[in-house]
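In what follows, a structure is listed as C-alpha cells, so that the remarks can point back to it.
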Amino acid sequence: MAEVLANGVRLHVQRLGPSPEVRPSGETIVLIHGLVVDDLSSYYFTLANPLAAAGHDVVLYDLRGHGHSERPRTGYTLRDGIADLDGLLTALAIDRPIHLVGNSYGGAIAIGMALDHPDRVADVTMIEGHYATEGFGEEMAETLRLVTVGIQHEKWRNWIVERGRKTMRLARRGVTLIEDTSIELDVLDMAPPLPSALQALTIPILAIYGGASEVLERGRELERLVAGTRLIVLPDLDHRVLFNTAPYLCEVLLWWYAGHVGEPPVFVPPDVPFEPAPLSRAMLPSA
Amino acid sequence: MRRHLGAVIGDPELIHTPITMDTTFGSDLELESIEFVALADRLRTEFGARVNFVAFLSEKNVDDMVSLTVGDVVRYVAECVREGAVETKPVG
C-alpha cells in the first residue's frame, strides 16, 4: 500500500499505468471518490485500468478518513479536501495541469480545485458531481444524518443484512467516521462559489448525470454557467451512475481524453433494471 | 497467497477462516473492494507488472467476483509468472 504524506495527513494512494504496451499520453488523471461509504476502490476496478491501458497516468487516493487513509478527528471541510489534493500533487511532484474526475462529493473537490488552483487543472469530469452551492453544506449534513439514522432503520438494516457482513462492515465504518470525527460539522463550513467565479472558468467540463438523479440540476447549472461544459444525461439513472454504468463511463472518458471530437458514445441502457438506491430522505424522522 | 490474504482481511472474525483453493473471496472471506485493492497492490509489489490483477478483475462482473476462488487467483498468478519466464528466457 502506498502512503503519501499530504497536507499533514497520510493518504492511501494507488497509481496505475501507463501500460507498458502503449505509448504514454503524458497526461495525468486524478480520480476523486465520494463521501463516507466510498473509497478509491469504486474507481480501481472500473475506470482506472482502462484509462491506464490507454496510456494515461492514473492516480487514485482515499480521502482523509476514508478507505485506508489516516482518519484524523478534524479537517473535513471542503477547503481541507482541496488542500489535501494540492498537497498530494506536490508530494507526487506532479506539476503539469491534471485531469480531474470527481464522483458525487468528489466533484465539489474537483471544481474547488479548478477555482482555487486553476494552473493545476486541465479539465474536470463530474460524475453525478456536487459542488458548493447555497445550502449544499446543510444538504450534506442531512445526508450524513441519513446514514446514521438509516442504519437504525428496519428497512435499510434489512437491506444491509441481506447483503451480508461485508456491507454491514462498510455501513458501520461510515457511521464511525461520522461519529468519531468533525465531518458532520465540517461539511457545513463551506462558502458557495460565486456564479461569476464559475462563469470565469475556462477549462472544459464533462458533466455526466442521471436523468432521475436529485443532483441533475447541478449538471444543468454548470452547463448554464460554464461555457466549456458538455452535459450528458443518462435517462432513468439515479445518483449511482458510476456504480451502474462503469463500462459506458470508460467509453466516454476515453472519447473525452482523445480530444472529444464529434458526439460522445451513445448510451445503451442494460436489459436488467438499475438497482435503486437503498436510502431515501423519507426515512428521516420529521423534525 | 495465505500470507497476503492474512494481511488484507479486515474482519477479525474471518481472519482464521481456513483457506483452500476452493475458498471464495465473496461468500467465504467476504473481502471488501478496498481489501481487493490491497491484495492487488501486494501481488503487484511481489510479482511486478507481469501480474496485472487489476486487469484480471476488471474483466469480471459482480457474479464472477462473488464466486471467485483463491484457486482462480493462484492459477492466474502462476500463468502470468510462467508466461513472464518464457518471455524473458534468453535465446540460444
Subset of segment A:166-175 that is charged (D, E, K, R) and surrounded by 15 or more Cβ atoms within 10 Å (Cβ to Cβ) - its residue that is farthest from the other protein chains (Cβ to nearest Cβ): A:173
Hey, residue A:69 among the hydroxyl-bearing types (Ser, Thr, Tyr), in contact with a strand residue (DSSP E or B) (Cβ under 9 Å, 6 or more places away or on another chain) and within 23 Å of residue A:241 (Cα to Cα) or not: no
Check on residue A:170, farther than 18 Å from residue A:200 by Cα, aliphatic (A, V, I, L, M), in a helix (DSSP H, G or I) and touching an Asp or Glu at 6+ places or on another chain (Cβ under 7 Å): yes
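Yes/no matrix, rows are residues, columns are (1) within 13 Å of chain B (Cβ to nearest Cβ); (2) touching a helix residue (DSSP H, G or I) at 6+ places or on another chain (Cβ under 6 Å):
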| residue | (1), (2) |
| --- | --- |
| A:10 | no, no |
| A:14 | yes, no |
| A:26 | no, no |
| A:34 | no, yes |
| A:40 | yes, no |
| A:51 | yes, no |
Residue match in segment A:155-163 (condition: touching a residue at least 24 places away in the same chain (Cβ under 8 Å), surrounded by 15 or more Cβ atoms within 10 Å (Cβ to Cβ) and in contact with a Phe, Trp or Tyr (Cβ under 8 Å, 6 or more places away or on another chain)): no
Some residue of segment B:23-39 being modelled with pLDDT of 85 or more, away from every other protein chain (no Cβ under 14 Å) and either more than 11 Å from the chain's Cα centre (by Cα) or closer than 30 Å to residue A:63 by Cβ (or both): yes
Residues of segment A:144-154 classified as free of Cβ contacts under 8 Å to residues at least 60 places away in the same chain and either surrounded by 13 or more Cβ atoms within 10 Å (Cβ to Cβ) or among the basic types (Lys, Arg) (or both), total: 2
Among (1) crowded, with 20+ Cβ neighbours inside 10 Å; (2) at positive phi, the one test that residue A:209 misses: (2)
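Within segment B:20-49, can you find the residues that are assigned to a helix (DSSP H, G or I) and farther than 16 Å from residue B:7 by Cα?
Scanning segment B:20-49 gives B:47, B:48, B:49.
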Yes/no for residue A:195 being over 30 Å from residue A:149 (Cβ atoms) and at pLDDT below 90: no
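Okay, residues lined up against (1) within 19 Å of residue A:242 (Cβ to Cβ); (2) modelled with pLDDT under 95; (3) buried (at least 21 other Cβ atoms within 10 Å of the Cβ); (4) among the hydroxyl-bearing types (Ser, Thr, Tyr):
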{"position": "A:10", "(1), (2), (3), (4)": "no, no, no, no"}
{"position": "A:20", "(1), (2), (3), (4)": "no, yes, no, no"}
{"position": "A:32", "(1), (2), (3), (4)": "yes, no, yes, no"}
{"position": "A:39", "(1), (2), (3), (4)": "yes, yes, yes, no"}
{"position": "A:43", "(1), (2), (3), (4)": "yes, yes, yes, yes"}
{"position": "A:53", "(1), (2), (3), (4)": "yes, yes, yes, no"}
{"position": "A:59", "(1), (2), (3), (4)": "yes, no, yes, no"}
{"position": "A:64", "(1), (2), (3), (4)": "no, no, yes, no"}
Conditions (1) away from chain B (no Cβ under 14 Å); (2) over 14 Å from the mean Cα position of the chain (by Cα); (3) assigned to a helix (DSSP H, G or I): number failed by residue A:70: (3)
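The values are calculated or read from the model by the stated rules, or taken from the named source; none is laboratory data. As the structure is a computational prediction, the values presented were derived from the model and not from experiment. Here Cβ is always computed from backbone atoms with ideal geometry, including for glycine, and neighbour counts include all displayed protein chains.
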